[in-house]
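Structure record follows, encoded as structure tokens.
The values are calculated or read from the model by the stated rules, or taken from the named source; none is laboratory data. Values in this document were obtained by computation on a predicted structure and should not be read as measured data. Every residue, glycine as well, gets a Cβ built from its backbone with ideal geometry; the counts of neighbours run over all protein chains shown. Just the protein is used for accessible areas: all its heavy atoms, side chains included, with ligands, DNA and RNA removed. Shrake-Rupley method; radii C 1.70, N 1.55, O 1.52, S 1.80 Å.
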Amino acid sequence: MEAGGAAVRCRGLVKRYDDVTAVDGLDLEVRGGECFGLLGPNGAGKTTTVEVLEGLIAPDAGDVEVLGLRWGKDDRALRQRLGIQLQETQFSDKLTVEEILRLFRSFYEEGRTVGDVLAMVELEAKRGTWYVKLSGGQKQRLAVACALIGNPDLLFLDEPTTGLDPQSRRQLWDLLQRYREQGGTVVITTHYMEEAETLCDRVAVVDKGKVIALGTPRELIRSLGAEHVVEFALGEGAEAPAEALLRGLPGVRDVRLENGHWRLIASEIHLTVPGLLDALGSRRDALVSLATHTATLEDVFMSLTGRRLRDE
Amino acid sequence: MSERRPRSALYELTRARVIEFLREPEAVFWVFAFPVLMALALGVAFRSERTEESLVGVLQGPAAADTTRALSARPGLRVRELGPEEADKALRNGTISLLVVPGPPPAYRFDPTRPESRLARLVADAALQAAAGRADPLQPREETVKTPGSRYIDWLLPGLLGMNIMGTGMWSVGFSVVVARSRKLLKRLMATPMARGSYLASHLLGRLTFLVLEVSTLLVFGRLVFGVRTAGSLLAVAGLCLLGALCFSGIGLLVAARPRTIEGVSGLMNVVMLPMWLLSGVFFSSAHFPAAAQPFIRALPLTALNEALRAVMLEGQGLLGIATQVAVLVAWGGVAFVVALKIFRWR
């Protein structure tokens, strides 16, 4: 693959299940050598999209090109060059890490040695351990190791860190960093904004089967118009402030109300917060929460959809 | 660290299958120990060294002592005197097969639908008639058969072999396919360049690896413990076992082609196997079933395998003598394999 050429290109992708449209006219272009993130809540259509790109699901409509090749025509050649980790794969309980990797290695004409990949995912110590005895993080790293064993040009990861503790998540991020340093391209889905911000060169925010925003994490955050978020809530019965009043506060770019929580997108919190307290006046006593943070992709998602990425 | 280079996908898949199986103690028990224990239990229960005695009760009363003496004089009868209530109970629960109410004339109380009761009646009647003075017009010569080859265990062992080949073939293939599907492992394998044919073939090859051990275990056990010998060629037996294993692996693959859960495939397995356990002559001859059912029974793959194994092991038939059964097995296996490939759910 020539550097900077498109690793994945898809246009007008549609996939329906019975009466649910999982992917609804989605366009994507992933450049060679980049780490591309699909960020969105559960049910946004991320997994369906990725599985279409992986050639595991046939789309109802749309055009897909992966590494310049097409599913249905070049499957064998394509499979040799892709590394895939799926959600929820469980390997055989009573095979060892090494046996599983050797099995997967045998499917590829060329690839890395089992020892190399074990070193990459830092599982050397677990070489002879049965799969069933691995921790969640170790199982997940083994899944990525199986995706790396064929020395792929393009790596697909579907929510690789869901359910992992922070340390395991960090280990996985490090290993992806090492893969990228060797020139690999990554497509990753996640509903963790910090994961997308840490790992991805570019992020497509996906909701209801469509891309609703696309850019580098920094660009997306900048699109909010300001870098800070002020959140507050009033106790029950307290009269809500007028939205126009809040919009008029110094430094405020945008105002949203969600479940009784106000969110102000602001550029200068040192002006906005005192202004807010003044504006609340006597209702200040009714404040039950007041917090500020630097804007994240979560705020981008919320300002685009009015909903949170995660349900909790 | 030096490591073994992976070989072909088919080799590695088959190797993984065999390793997984050997690490599953329950599976090893069902495949190897279970049929041996079954052969041992049945072989001992139906051993032919001692003829089974008929159990006869005599109702207590004035003439009971004479009747008991007359019956006890006859070999093959075990006699005891019983009170009226005791006698009824013994007759009901089978601790006696026949109750003799002393005469004259004596009465026989028994259930004619039970073969052992009919036998007890014949022997007891002969004893009483002789004691009453009847002379037998004929004095037949008796030639008892005790040679290996015609005992129950000789007849049973090929049936157990067939049953085991069916059970292991279907379970080992069907179970592991559905487990892989339910764990999304099949889907993951589809995302690699692995050829689908290699995956299915590895199940057949893995199956054949266990088959060698499983068949020889049972045959060696039969030979050492019961002196069961094979009249025909061992090569023919081996060929039949191989054919049977492939046939039932194909059927196992078909049963496992669609189900997503272990519960689903277990139900289907039982639906397929249970009729054959009952009908195909594993423990008792399928000749017991009505004539109308015979064509259906003979078309079952396990019937074909059992008949062919018995023909070779008991009668020393060659391949020509079992051509029909071989054709039945080939047809079942071939059709099942092709249909399984067509409808297989890879995700």
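Placing a label point 7 Å from the Cα of A:Asp278 along the Cα-to-Cβ direction, the residues of the range A:213-257 with a backbone N closer than 15 Å are A:245-252. A Förster distance of 35 Å, applied to the separation of the beta-carbon atoms of B:Ser233 and B:Ala287, puts the FRET efficiency at 0.85. Considering only B:Ala41, B:Ala90, B:Ala201, give the residue with the highest GNM mean-square fluctuation for chain B, with springs between Cα atoms whenever their separation is below 10 Å. Judging by the Gaussian network model, the answer is B:Ala90. Straight-line cross-link partners of A:Lys133 among the lysines, defined as a Cα under 18 Å from its Cα and at least 8 positions apart when in the same chain: A:Lys94. Label point 7 Å out from A:Arg253 along Cα-to-Cβ: which residues of the range A:274-297 have amide N under 18 Å? In the range A:274-297, the label zone of A:Arg253 (backbone N under 18 Å from the point 7 Å along Cα→Cβ) covers A:292-297.
Taking B:Gly167, B:Gly83, B:Gly316 as the candidate residues, the one with maximal mean-square fluctuation in a Gaussian network model of chain B, Cα springs under 10 Å, is B:Gly83. To the nearest 0.05, what FRET efficiency results for B:Ala323 and A:Asn42 with a Förster distance of 41 Å applied to their C-beta separation? After rounding to 0.05, the efficiency reads 0.10.
Remark: mean inter-chain Cβ contacts per residue of B:23-30 equal 1, using a 10 Å Cβ-Cβ cutoff to other protein chain atoms. Between B:Val212 and B:Val335, full extension at 0.36 nm per residue minus the direct alpha carbon distance yields a gain of 41.8 nm.
Each label point was placed 7 Å from the Cα along the Cα-to-Cβ direction; for B:Ala132 and A:Val132 their separation is 7.0 nm.
When peptides A:183-193, B:208-218 are ranked by their average number of other Cβ atoms within 10 Å per residue, the highest-first order is A:183-193, B:208-218. Both the radius of gyration and Dmax for the range B:54-131 are 11.0, 30 Å, in that order, over alpha-carbon atoms. Sorting the segments B:107-114, B:178-185 by their mean number of nearby beta carbons within 10 angstrom, highest to lowest, gives B:178-185, B:107-114. Largest GNM mean-square fluctuation across A:Leu246, A:Leu53, A:Leu155, computed for chain A with C-alpha springs under 10 Å, falls on A:Leu246.
For the pair A:Leu304 and B:Leu119, label points projected 7 Å from Cα toward Cβ lie 8.4 nm apart.
With all protein chains present, how much of the accessible area of the range B:97-229 (probe radius 1.4 Å) comes from carbon and sulfur, to the nearest whole percent? Whole-percent figure for carbon plus sulfur exposure: 61. Along the range A:75-91 the Karplus relation, 6.51 cos²θ - 1.76 cosθ + 1.60 evaluated at θ = phi - 60°, assigns HN-Hα couplings of 4, 4, 5, 5, 4, 5, 9, 9, x, 10, 10, 9, 5, 6, 6, 10, 7 Hz to successive residues, with x for each Gly and Pro.
Quickly rank A:172-178, A:113-119 as a protection proxy: mean count of other C-beta atoms within 10 Å, highest first. Please list the in-between numbers first.
Details: A:172-178: 17.0, A:113-119: 18.7.
Averaged packing, sorted descending, gives the order A:113-119, A:172-178.
Remark: spin-label model distance B:Arg260-A:Glu110 equals 3.9 nm, labels positioned 7 Å along the Cα→Cβ axis. What does the C-alpha gyration tensor say about the overall shape of chain A? Classify as rounded when a/c is under 1.5, otherwise prolate if a/b is larger than b/c, or oblate. Prolate, since a/c reaches 1.5 and a/b exceeds b/c.
What full-extension length gain, to one decimal in nm, is calculated for B:Ala73 and B:Val271 as 0.36 nm per residue of separation minus the Cα-Cα distance?
Here the segment from B:Ala73 to B:Val271 would lengthen by 66.1 nm.
Take the Kirkwood radius over Cα pairs of the protein assembly as shown, plug it into Stokes-Einstein at 25 °C and 0.890 mPa s, and you get 78 µm²/s for translational diffusion. Per residue, the range A:196-312 exposes an accessible area of 51 Å² to a 1.4 Å probe, with every protein chain left in place. Which one of A:Gly62, A:Ser92, A:Val52 has its Cα pushed farthest toward the positive end of the charge dipole of the range A:46-110, where Lys and Arg give +1 and Asp and Glu give -1 at the Cβ? Of the candidates, A:Ser92 comes out farthest on the positive side.
Taken residue by residue and averaged, Cβ atoms of other chains lying within 10 Å of the Cβ of A:98-109 number 6. Per-residue shielding of B:191-199, expressed as the average number of other chain Cβ atoms within 10 Å of the residue Cβ, stands at 6.
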